[in-house]
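Presented below is the structure to which this report refers.
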Amino acid sequence: MSREAILVAVRAAGVVGAGGAGFPTHVKLATSAEVIIANGAECEPLLQVDRELMSQHLEEVLEGLEAAKKAVGAKRAYLAIKAKYVPLLRRCQAGLASRPWLTIAALPDIYPIGDEQRLVYEVLGRRVPPRGIPIEVGVVVLNIETLYNIAKALDGQPVIDTYVTVNGAVAEAATWAVPVGTTIGDVVDRAKPLAELSNLAVIQGGPMMGQLVQDLSWPVTKTTKGLVVLPEEHVVVTRLKAKGTALRRAFSVCSQCTVCTDLCPRHLLGHPLWPHRIMRTVAGGGTPDPDALQGALLCSECGVCDNYACFMGLSPRWVNQVLKEESASRAKPTFAELEDIRRGFDDSQVPTGRLLYKLDLGKWVQPAPLRGSLPQPDQVLIPLTQHVGAPAHCRLEAGQEVSRGALLADMPDGELGACIHSSIDGIVSSIEDGVVVIERGGRDE
């Protein structure tokens, strides 16, 4: 298949970055790169989508990687996987004989090794500039599920399912292919939340960077990768609930110990990001210093500073979020140059095992094997924005009958976004507030 045909197929299928960002993949593949990296690090504790896809659908993943390599014109490709997954590494090594262009990159078990900037440095020794992206150093990084979806797109299959791990305080932790638009509550119920724990909370994403689910009727989207169920009194949940209080405390009680800076992954790479200095700058109140605003823009919001480093329970990350909002109206982003790799870089990495202990998650980590696909629900709620860019343009009206895989919305040429498709057979019951609601079945049922 030609490069042009690959791009057309990926665009038509609505493939986006499945790792959480949701950047339209056809746009990323339209660039030129020397190297492509398949990101199988999956560093968020409890999530297992990438590992399960590589275990059960490795050939499709590698087909997608080969197509992506062809599209960007890369000379080399790397499949990045944690070294601790020994059986999986052996399986992947077996696939190298017919792919001399592919190298396995065995990764350390540290957090956040899946961050694109940290991953590029680990695999290639190249550093992406502050506020930059991997293509600036000749690299394209794609998530494992994204590669799987590329392979499916080449067969004409649009993205209508997303792979989701449900883990934590559940009786049957698992990973499923879930029809896009299924409610979070329905997916969580499939894993059988522990009945003996009456008050449970659900986190969408992982325990480090995820968000509390306020309404279980919210839909699963193309970028939903994990649903973590924990008791409401768990430390991860209480910290998320105390965000407002933590912000007020952060402005007044920071002791300037510098541990947040010493362990900040972006700071360690040489980015001019100094979380403790930002905390000191804002502690006095008033208008934030311009340098603090610029530093906040470099924060990846990985959560190491608040979930791991700060012994006082403060959150430089949330302060940075506030400053980013300030910068949108007050400060024009400026270019920041890389500084030297920090002294102590190797000794300051965060081992996943220690992170699990710090967050008291050890008892909630369960195997979450891929158990196939969830059935089509009676109703799906499909947002027209599941990607970076503008909302997709809906091409249907209420009352129209659709089949699973039918195009619901697309993007005009020149607009950044991705196509959206129906994940069930049914009838469009409403199109309101950027959400297409489809009821399962048809007029003849």
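The values are calculated or read from the model by the stated rules, or taken from the named source; none is laboratory data. None of these values were measured; they are calculated from a predicted model. Note that each Cβ is placed from the backbone with ideal geometry, even for glycine, and that neighbours are counted across all protein chains shown. Ligands, DNA and RNA are stripped out before the accessible areas are found, and what is left, the full protein with its side chains, is counted by its heavy atoms. Shrake-Rupley method; radii C 1.70, N 1.55, O 1.52, S 1.80 Å.
Numerical summary
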| read-out | value |
| --- | --- |
| Using θ = phi - 60° and Karplus 6.51 cos²θ - 1.76 cosθ + 1.60, couplings along the range 371-381 (whole Hz; Gly, Pro as x) | 10, x, 10, 6, x, 4, x, 6, 8, 10, 10 |
| The range 61-199: radius of gyration over Cα atoms, expressed as a fraction of 2.2 N^0.38 Å | 1.26 |
| Value of Rg to Rh for the chain (Rh from inverse mean 1/r over Cα pairs, i.e. Kirkwood) | 0.96 |
| Accessible surface of the range 124-270 [probe 1.4 Å, protein heavy atoms]: carbon and sulfur percent | 50 |
| Overall form of the range 64-132 per C-alpha gyration tensor (a/c, 1.5; a/b vs b/c) | oblate |
| Whole-percent carbon and sulfur share, accessible surface of the range 358-445, 1.4 Å | 46 |
| Restricting the range 339-386 to trypsin sites (Lys or Arg not before Pro) in coil, as DSSP defines it, with at most 11 other Cβ within 10 Å | Arg343 |
| Pair-distance profile P(r), taking every C-alpha pair of the range 1-128, with 10 angstrom steps and integer % | 12, 44, 38, 6 |
| Karplus-derived 3J(HN,Hα), 6.51/-1.76/1.60, for each residue of the range 68-77, Hz, glycine and proline x | 5, 4, 5, 5, 8, x, 6, 8, 10, 9 |
| Solution diffusion estimate, µm²/s, Stokes-Einstein, the range 181-306, Kirkwood Rh from C-alpha pairs, 20 °C, viscosity 1.002 mPa s | 128 |
| Accessible surface, the chain, averaged per residue in Å² (probe 1.4 Å) | 42 |
| Antiparallel content of DSSP bridges confined to the chain, in %, to 5 | 60 |
| Fully extended contour minus Cα-Cα distance, from Arg249 to Ala94, at 0.36 nm per residue | 50.5 nm |
| Listed peptides 159-167, 91-99, 115-123, 305-313 by packing density, highest first (mean Cβ within 10 Å) | 159-167, 115-123, 305-313, 91-99 |
| Cα-based reach from Lys84 at 27 Å (exclusive), listing lysines while leaving out same-chain residues under 8 positions away | Lys69, Lys225, Lys358, Lys363 |
| Over the chain, relative contact order from alpha-carbon pairs under 8 Å, at least 6 apart, % | 18 |
| Extension gain, Gln321 back to Thr31 (0.36 nm per residue minus Cα-Cα distance, nm) | 101.4 nm |
